[in-house]
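What follows is one structure encoded as structure tokens, with my remarks underneath.
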């Protein structure tokens, strides 16, 4: 290489001076920086594309799989039997008038002429009056076979005793109270807590088909507001993880405001329904 071109020449040109540049090594070294830059840009593009695809897929899953917390109803663990309407009372029997008894008018004896005696004033023979009552008028009716005296009505003493007060057992588990147990933030706070902490994809992760899967959870709120005895008593077969997921979130919840009966904190048994959805 000429001396005036050495300072302006590239390192590779100096290195391969007098050598076979067509062999391939010269071309590989010459284009090395370009190939490295192109490879890095390609890898970065693939990584960004993969990241955006995963992000969009997660957003779609969040939109499809939802948790529906039904209105919180703290209800009895045992279904109360509906009271059947009582049949109407039978109509009162028709009032029956007592049968008329044959009465013969009593006529005091007087000495008068036969023509002056009226038929109704005639004195009856004693034999005919054996089964007949004596009165002031004549009346046809049944023979007097003896009257039954009406029962004597017991009017009592007139003193009404006060009903005896039954002492309430405040250590039992109540299902009906004057003031139900309550989450610190009320019903809205309870729903927000469940929706934020429950895994909305648990039904989809179990491979459950499209649809709704409801879980019925029973739990106890004691006198200090602590949650215990959390148990999924009704859970769908297609989503075996739905029940444990609901139990786990309710167990981890904060203290509740205890139930109140007659001004005292009592142990309360409640039920919560949670529905997991799998959308298309």
Single condition residue 243 does not satisfy, out of (1) surrounded by fewer than 18 Cβ atoms within 10 Å (Cβ to Cβ); (2) without any contact (Cβ under 8 Å) to a residue 40 or more places away in the chain: (1)
Of (1) free of Cβ contacts under 8 Å to residues at least 24 places away in the same chain; (2) closer than 21 Å to residue 277 by Cα, residue 210 satisfies all except one. Which? (1)
Restricting the stretch 246-275 to residues that are over 27 Å from residue 172 (Cβ atoms) and within 20 Å of the chain's Cα centre (by Cα), the residue that is surrounded by the fewest Cβ atoms within 10 Å (Cβ to Cβ): 275
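Do the conditions hold for residue 231, that is, is it in the same structural domain as residue 175 (by TED's automatic domain parsing) and within 23 Å of residue 200 (Cα to Cα)? If you could, list the steps in order and put the result at the bottom.
Values: in the same structural domain as residue 175 (by TED's automatic domain parsing): yes; within 23 Å of residue 200 (Cα to Cα): yes.
For residue 231, the condition - in the same structural domain as residue 175 (by TED's automatic domain parsing) and within 23 Å of residue 200 (Cα to Cα) - is met.
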Between 278, 217, which is more than 30 Å from residue 57 (Cβ to Cβ), touching a strand residue (DSSP E or B) at 6+ places or on another chain (Cβ under 7 Å) and surrounded by 13 or more Cβ atoms within 10 Å (Cβ to Cβ)? 217
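The values are calculated or read from the model by the stated rules, or taken from the named source; none is laboratory data. These numbers come from a predicted model, not from an experiment. Here Cβ is always computed from backbone atoms with ideal geometry, including for glycine, and neighbour counts include all displayed protein chains.
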